[in-house]
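All remarks here apply to the structure that follows.
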Amino acid sequence: MNDRMKEILARYRDRDLASKLVKEIHRLAKDLPKVRIMHVCGTHEWTITHWGIRWLLPENVDVRAGPGCPVCVTPSSDIDDAVKLSLEGVKVLTYGDMSRARGSRMLSLEDARALGGELEVVYSFRDAVNIARKNLGKEFVFLGAGFETTAPLTAYEVLKGLPDNLSIISSYRYVPPAVGLISQAPDMRIDAFINPGHASTISGMKAYKEFFEEHRKPMVFAGFEPIDVLLAIYLILKQIKSGSPRMENEYRRSVTWEGNTRAQMFLSKVFDLRDGYWRGVSVVPGGSMEVKERFKEADARLRYGLREPSGDDFPRRARCADVIKGKIDPPECPFYMKECTPATPIGPTMVGAEGTCRIWAQHRVTRSVRADG
Amino acid sequence: MAEGGGAVEEKITMMHGGGGVFMNMLIRGHILPRFDAGGPEPEIPAEHMPDSAVIDGIAFTTDSYTVKPLFFPGGDIGRLSISGTVNDLTVVGAEPLAVSCGLIVEEGLPIRTLDRILESMAEAASEAGVRIATGDLKVVEKGKLDELIINTSGIGVRSSLLDANLESAGRSLESRWLTPLNIKPGDKIIVSGTIGDHAVAVMTAREEMGIRARVESDAAPLNGLMREALKVGGVVAAKDPTRGGLAALLNEWAEVSGVGIMVDEERVPVSEQVRSACDILGIDPMDLANEGKLVLAVAPHMAEEVLQSLRNHPLGKRAEIIGEATKEYEGVVVRTGIGGLRYLPMPAGDPVPRIC
């Protein structure tokens, strides 16, 4: 890490600045009613939990983790299909976390491998392309889970041309419409959003404009250091207090209005935004990235006649869906840290490094911080 | 639909060797219950898994070493195998006397390589003042083993400094050896230097994940450093944070003692190179293995003096008081850099790469 990086990091982890912000947050919150803020990024949840930020907040400021974990929102039908292909001798390539998430029959790709299925864990889609190129006599399928952060790299390789023996199950999801959907969900009663820093670096703030204008709830785009998150909460409370909700950018060192236009171009050339299923949430209008007709030979759904993605299929009585949506905290699920632990994950939220249950479990959080349940 | 649980037969996985939750489950569930009989009773109960057993006043321990690559910045498997066993004896309050040298070698290992490793063992033994007194050699067919495994066992006797040291704690103790059973609220937790150096040095040598930190392993025998602390007195528990790192050690202490431990994250010494490597990989330095660090629990009134004695020794220059035992919390609680609180869990095993 260079000195400039270190300097920035130190500034965004400064204890004095943090305690000043915390004091301001308490001052602003004093005569406000209950404020419910949602973030939609697993990395934000990690920052909040790792740095113990909830412990520092006033009781009436509740920060909830929304659907920000790509592994968690990947439909069970996509996992089932990948498991089936793997057992039929098609080698499935995917990320480490994705290989541990279970589909409808409680089978993950790792389980499939133990039963003789074919699986190789990769770090990027480029690895997958290289593996397929080296083994032209074999069929490969890449299970691509992720948001607009990871999808452009896949799009780039598709545009360059894939080897004939590699196709994609696209479980890529697009975040802005999901924020729009949650904004209007009456049972969620979310007052404001901390928008994702990485995903918005790609999409730009502009992608959220229509959803902001529809519901006019404060949206602050935030980075991933503890000061970033505290500052975002402070800015949100200020907006609420002044009664003038805005789209505000805390993460100027990365997020812009336009976003990464080159990445956006790759995405729009390769994927169509369609209504798509987010596991645990529902169908999100325009929330799914499907491979365009033009690249149909790269689309595993067409090549193998796979189903439309659908299905929650969580174990009975498990409350994964409510955790993914941000309706409850992990300890309210009857399985949390009992049957379901990072060592023995039942639901996807305990598998992914960005899953809320996994992050809480890693930090051994056993008590809900919310006052009103 | 099934409620939880897969139907796949349980097998030993790499997670069982990670020094965390899985290893604990395996040892407590499968190994300890089967060996809980015969011979004289150990002086520190086996259920607490002390680094050395004490039988009739003799401390006895064993450890096997497998590291890839065999040579890494700051050490090699030979230095590791002597230091580790010397340290296991040291931390219960014993003075190490002798260690054994069990070599299991893969067919085809160059004798020149073996020579270098044996030299390194001899050097570490001389640093520690112990004799390598007995040994065994086996060769296995090529491919049945990755180059070399070393097993060392060691014996030691009660340190002549231990009684006076325990006396200085100024209170009655659960055990007359160093064990977390002795920890009480208020005791200070001291670490003898920067953490994570060994793990990052080995990662660098593997050229894994693009990490090229200029970090040397801390592998070293710690009996000399320990003597300095015992001379001052007030040390009630000690351990070296190997697999599972400081996180596993403190969780074990909290569990065995039944007392919470509060750690001030900012005071935990971490070198800049290790910090950067951890930031990049998204891992916590407190989960990383060390091979030359001591963690001590010290009666509060003796803590400052013990700290100074460690700092005066070449292996303890960056020692710090990192926290204390407390009855306010259960388990291990960390005060984060911005003043928040979070639990520090027992590491589960090796971290899974992140995808977003």
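Most fluctuating residue of A:301, A:13, A:319 in a GNM of chain A with Cα springs under 10 Å: which is it?
With Cα springs under 10 Å in chain A, the top fluctuation among A:301, A:13, A:319 is at A:13.
Which of A:323, A:73, A:35 moves most in a GNM of chain A, Cα contacts under 10 Å?
Among A:323, A:73, A:35, the largest mean-square fluctuation in the Gaussian network model of chain A belongs to A:35.
Tell me, what does the Kirkwood hydrodynamic radius of region B:101-174 come to in angstroms if you use every pair of distinct C-alpha atoms?
15.4
For residue A:20, list the lysines whose Cα falls under 25 Å from its own Cα; do not include residues on the same chain fewer than 8 positions away.
Candidates past the 8-residue exclusion: A:6, A:30, A:34, A:238, A:241.
Let me spell out the model: positive unit charges on the Cβ of Lys and Arg, negative unit charges on the Cβ of Asp and Glu, origin at the Cα centre of chain A. What dipole size does that give, in debye rounded to 20?
The dipole magnitude comes to about 700 debye.
Identify the residues of region A:318-357 with backbone N under 19 Å of a label point that sits 7 angstrom from the Cα of residue B:255 along the Cα-to-Cβ direction, or state none.
A:337-345
Taking the Cα centre of the protein assembly as shown as origin and charging only Cβ (+1 Lys, Arg; -1 Asp, Glu), how large is the dipole, in debye to the nearest 20?
Details: 88 positive and 99 negative charges, 453 e Å.
Using Cβ point charges on Lys, Arg, Asp and Glu, the protein assembly as shown gives about 2180 debye.
Taking one equal scatterer on every alpha-carbon of region A:233-328, how large is log10 of I(q)/I(0) by Debye at q = 0.13, 0.25 1/Å?
Each listed q maps to, in turn, -0.80, -1.17.
Do any of B:188/B:293; A:206/A:292; B:231/B:293; A:160/A:206 go past 25 Å between their Cα atoms, and which?
A:160/A:206
With no solvent and one point on each alpha carbon, what is the Debye value of log10 I(q)/I(0) for region B:187-295 at q = 0.16, 0.22 Å⁻¹?
-0.73, -1.22
Which FRET efficiency value, to the nearest 0.05, is calculated for residue A:60 and residue A:4 with the Förster distance at 45 angstrom and r the Cβ-Cβ distance? Intermediate values should be presented prior to the final figure.
Numbers: r = 39 Å, r/R0 = 0.86.
After rounding, the FRET efficiency stands at 0.70.
How big is D, in µm² s⁻¹, for the protein assembly as shown by Stokes-Einstein at 4 °C and 1.567 mPa s if Rh is the Kirkwood radius over C-alpha pairs? All intermediate terms of the calculation are to be shown ahead of the outcome.
Numbers: Rh = 27.6 Å.
D, rounded to a whole number, is 47 µm²/s.
Among B:187, A:80, B:36, which comes first, then next, by fewest other beta-carbon atoms within 10 Å?
B:36, A:80, B:187
Along the charge dipole of region B:45-343, Cβ charges K/R +1 and D/E -1, which of B:90, B:232, B:170 sits furthest on the positive end?
Of B:90, B:232, B:170, it is B:232.
For the residue pair residue B:279 and residue B:305, what label-to-label distance in nm results when each label sits 7 Å from Cα along the Cα-to-beta-carbon direction?
4.0
Select from region A:71-150 those trypsin sites (Lys or Arg not before Pro) which occupy a DSSP coil region and have at most 15 other Cβ atoms within 10 Å, ordered by residue number.
A:105, A:138
If I build a Gaussian network model for chain B, linking alpha-carbon pairs within less than 10 angstrom, which residue out of B:269, B:314, B:40 has the largest mean-square fluctuation?
Judging by the Gaussian network model, the answer is B:40.
Once R0 is set to 41 Å, what does the formula 1/(1 + (r/R0)^6) return for the Cβ-Cβ distance between residue B:163 and residue B:28, expressed as a FRET efficiency to the nearest 0.05?
Result of the calculation: an efficiency of 0.80.
Which longest run of chain B has no exposed loop site in it, a site being trypsin sites (Lys or Arg not before Pro) in a DSSP loop with at most 13 other beta carbons within 10 Å, and the site itself not part of the run?
B:12-141
Give the Rg (one decimal place) followed by the Dmax (whole number) of region A:312-372, computed from C-alpha coordinates and expressed in Å.
In order Rg, Dmax, the Cα atoms of region A:312-372 give 10.4, 31 Å.
Quick one: order A:131, B:280 by neighbouring beta-carbon count within 10 Å, fewest to most.
Arranged by neighbour count, lowest to highest, A:131, B:280 become B:280, A:131.
So what's the gap between the Cα centers of region B:288-304 and region A:282-312, to the nearest angstrom?
56
Check cross-link reach from residue B:142 to the aspartates and glutamates: straight Cα distance under 13 Å, and skip same-chain residues fewer than eight apart.
Filter leaves B:106, B:107.
Just how far, in whole angstrom, is region B:82-161 from region A:1-60 if you go by their alpha carbon centroids?
49
List the residues whose amide H sits under 5 Å from the amide H of residue B:94, counting only those 5 or more places along or on another chain, with H placed 1.01 Å from N in the peptide plane.
B:159
Mind checking which of B:185, B:198, B:121 is farthest towards the positive end of region B:81-214's charge dipole, using Cβ charges of +1 (Lys, Arg) and -1 (Asp, Glu) about the Cα centre?
Sorting the options by dipole projection puts first B:185.
Order of A:39, B:198, A:26, A:50 from fewest to most other C-beta atoms within 10 Å?
Starting with the residue having the fewest Cβ neighbours, the order is A:26, A:50, A:39, B:198.
With r as the distance between the Cβ atoms of residue A:19 and residue A:130 and R0 = 56 Å, compute the FRET efficiency 1/(1 + (r/R0)^6) and round to 0.05. Kindly include the intermediate steps, with their values, before the conclusion.
Values: r = 49 Å, r/R0 = 0.87.
That gives a FRET efficiency of 0.70.
Please compute the length gained on full extension between residue B:140 and residue B:317, using 0.36 nm multiplied by the number of residues separating them and subtracting their Cα-Cα distance.
Result for the pair: 59.4 nm of gain on full extension.
Have a look at region A:25-314 and give its Rg and Dmax from the Cα atoms, expressed in angstrom.
20.0, 68
Calculate the radius of gyration of the Cα atoms of region B:150-236 to one decimal place, then report Dmax, the largest Cα-Cα distance, as a whole number, both in Å.
That works out to 17.6, 51 Å for Rg and Dmax.
With the dipole of region B:45-343 worked out from charges on the C-beta (+1 for Lys and Arg, -1 for Asp and Glu) around the Cα centre, which of B:154, B:315, B:333 lies farthest toward the positive end?
B:315
Give the share of C-alpha pairs in each 10 angstrom bin for chain B, from 0 to the last occupied bin, in whole percents, shortest bins first.
5, 24, 34, 26, 9, 2, 0
Rule-based calculations on the coordinates, nothing more; no lab input. Values in this document were obtained by computation on a predicted structure and should not be read as measured data. Here the Cβ is made from the backbone with ideal geometry for all residues, glycine too, and neighbour counts use every protein chain on show.
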